[in-house]
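Trainee: Starting off with a structure, shown below.
The values are calculated or read from the model by the stated rules, or taken from the named source; none is laboratory data. From a predicted model like this one, the values you see are computed outputs, not experimental measurements. Cβ: placed from backbone, ideal geometry, glycine included. Neighbour counts: every protein chain shown. For accessibility, only protein heavy atoms count, side chains too; no ligands or nucleic acids. Shrake-Rupley method; radii C 1.70, N 1.55, O 1.52, S 1.80 Å.
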Amino acid sequence: MAGEMERRLLVSGAGSGGTNNLIGSLRERDSASLFIVGYHTDRFILMKSPADRNYVVPPTTHPSFADTLRRIVEKERIDLIIPTQDVDVLALAHCEGAIAARVFLPSRGTIERCQDKYELTTLLRARKIPAPETYPVKSLDEIDAAFGRLGSPARVWCRIRVGSGSRGAIPVGSAEQARSWITYWQQMRGVPASSFTLSEYLPGRDFLCQSIWKDGKLILARTFERLSYFDGSNRASGVSSFSALAKTVDEPHVFEVCRQAVLAVDGSASGLFSIDLKANTDGVPCVTEINAGRFFIGMTAFDHVGKHNMPHTYVKLALGEAVGLRDEYDAVEDYYLVRDLDTLPGVFHAAELFDGIREVPT
């Protein structure tokens, strides 16, 4: 905005769909005072970045990653680094104190706890927060026992306990199916059996909650529902963390479960907590995942329909500026997000869905 001091931001994953959405949302609210620098490990993806300046960097696991980022921060006089993927969140947590720019992240322990889905689920269930009953697969020989502990249901959810994008996830109908699936990943993809869990299958509605926290206080939250999945029909799991169709929802019970879940994980929570939930057979929303430290991929496309712009609020909080918000549930209903390959995401209100579209009488 005119007259404001320039804010210089560094964002990871530049050129990817999620980061480009984030940059668009930031500029929609505040284009005059922002200078955005992007980085990515892949120079081809970086070619699609709308950032003001872009850098190719080594992978987060490379010994020179922290030093490379430090030099970018110094050269570009960066005020705030915003990670957009789990690997970037964890890498920045490990770099704490080595880079002279602010980050607005949960504690390293909280991030590591949330990135291990089994550890997270165990903690939540111990605190009486709705989460699926889950057991670790320590070896292929223990799969039958895990099925038995779950009551040998018609379906069990099998997934890798660390990672994103529904990697290695699939519903299985028997211990033998689980054993075959895990054996494949072990032999063909190098993922050991001990990386997997078996858990209660949740058949209900699929919710998301994006929230910003400061020193254990909720600042702003918004809830969504996934209605269909990008390329879901071609995946073994039938689902994906990437929504093809999603909508805004006003679900106070989902919001309250998420509030309790974040406080159970970290009573002094600060930064972003993006929460996945799936309803069980009784319709109770159960927390399946918490992405600590980053926005949901794609959900920033909804920012112009709410009362508050979440990325802009996040930046102001991170830089120590007042936002005038506390415990705000920014719920709006019936806005739909439509996403597909090689197209910009579209956001439409339910009242617009029939505008300019004709139906052929049957």
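Trainee: Need the failing condition index for R127 against (1) touching a residue at least 60 places away in the same chain (Cβ under 8 Å); (2) more than 14 Å from A264 (Cα to Cα), just the number.
Mentor: Unmet condition: (2).
Trainee: Within the stretch 274-317, can you find the residues that are closer than 17 Å to R29 by Cα and among the basic types (K, R)?
Mentor: Listed by number, the residues that qualify are K307, K316.
Trainee: Quick one: which of V249, V332, V284 is in contact with a Ser or Thr (Cβ under 6 Å, 6 or more places away or on another chain), under 30 Å from R125 (Cβ atoms) and not aromatic (F, W, Y)? Working first, answer last.
Mentor: On the way: V332 fails: under 30 Å from R125 (Cβ atoms); V284 fails: in contact with a Ser or Thr (Cβ under 6 Å, 6 or more places away or on another chain).
Answer to the check: V249.
Trainee: How many residues, within the stretch 93-114, are of a type outside the set (K, R), in a helix (DSSP H, G or I) and at pLDDT 95 or above?
Mentor: Residues flagged as of a type outside the set (K, R), in a helix (DSSP H, G or I) and at pLDDT 95 or above within the stretch 93-114 amount to 5.
Trainee: Oh, and also: What number of residues in the stretch 137-151 are within 17 Å of L202 (Cβ to Cβ) and either among the polar types (S, T, N, Q) or part of a loop (DSSP other than H, G, I, E, B) (or both)?
Mentor: Adding up the residues that qualify gives 2.
Trainee: Taking R167, is it of a type in the set (D, E, K, R), under 22 Å from F273 (Cα atoms), out of contact with any strand residue (DSSP E or B) (no Cβ under 9 Å at 6 or more places or on another chain) and open to solvent by 50 Å² or more (accessible area, probe 1.4 Å)?
Mentor: The answer is no for R167.
Trainee: Could you go through the stretch 211-219 and let me know if any residue there is open to solvent by less than 50 Å² (accessible area, probe 1.4 Å), over 24 Å from T121 (Cα atoms) and in a strand (DSSP E or B).
Mentor: Checked against the condition, which is being open to solvent by less than 50 Å² (accessible area, probe 1.4 Å), over 24 Å from T121 (Cα atoms) and in a strand (DSSP E or B), the stretch 211-219 yields at least one hit.
Trainee: Also, quick follow-up: Quick one: in the stretch 258-301, which of the residues that are among the hydroxyl-bearing types (S, T, Y) and either touching a Pro at 6+ places or on another chain (Cβ under 7 Å) or open to solvent by 30 Å² or more (accessible area, probe 1.4 Å) (or both) is farthest from G13 (Cα to Cα)?
Mentor: Here the answer is T281.
Trainee: Does L46 satisfy being touching an Asp or Glu at 6+ places or on another chain (Cβ under 9 Å), modelled with pLDDT of 95 or more and either of a type in the set (S, T, N, Q) or crowded, with 18+ Cβ neighbours inside 10 Å (or both)?
Mentor: Against the criterion (touching an Asp or Glu at 6+ places or on another chain (Cβ under 9 Å), modelled with pLDDT of 95 or more and either of a type in the set (S, T, N, Q) or crowded, with 18+ Cβ neighbours inside 10 Å (or both)), L46 does not qualify.
Trainee: Among the residues in the stretch 154-166, are any over 14 Å from E200 (Cβ atoms), hydrophobic (A, V, I, L, M, F, W, C) and modelled with pLDDT of 90 or more?
Mentor: yes
Trainee: Could you please tell me which pairs satisfy a Cβ distance under 9 Å, a separation of 6+ or placement on different chains, a first residue in the stretch 56-84 that is free of Cβ contacts under 8 Å to residues at least 12 places away in the same chain, and a second residue that is among the hydroxyl-bearing types (S, T, Y) and in a helix (DSSP H, G or I)?
Mentor: From residues that are free of Cβ contacts under 8 Å to residues at least 12 places away in the same chain, the pairs are H62/T68.
Trainee: Name, by its number, the condition in (1) in contact with a Phe, Trp or Tyr (Cβ under 8 Å, 6 or more places away or on another chain); (2) open to solvent by 70 Å² or more (accessible area, probe 1.4 Å) that does not hold for S31.
Mentor: (1)
Trainee: Across the stretch 178-203, which residue is farthest from Y118 (Cα to Cα) among those that are crowded, with 16+ Cβ neighbours inside 10 Å and of a type in the set (S, T, N, Q)?
Mentor: The extreme case among them is Q186.
Trainee: Taking the condition of being over 16 Å from L218 (Cβ atoms) and within 15 Å of the chain's Cα centre (by Cα), how many residues in the stretch 245-258 meet it?
Mentor: 1
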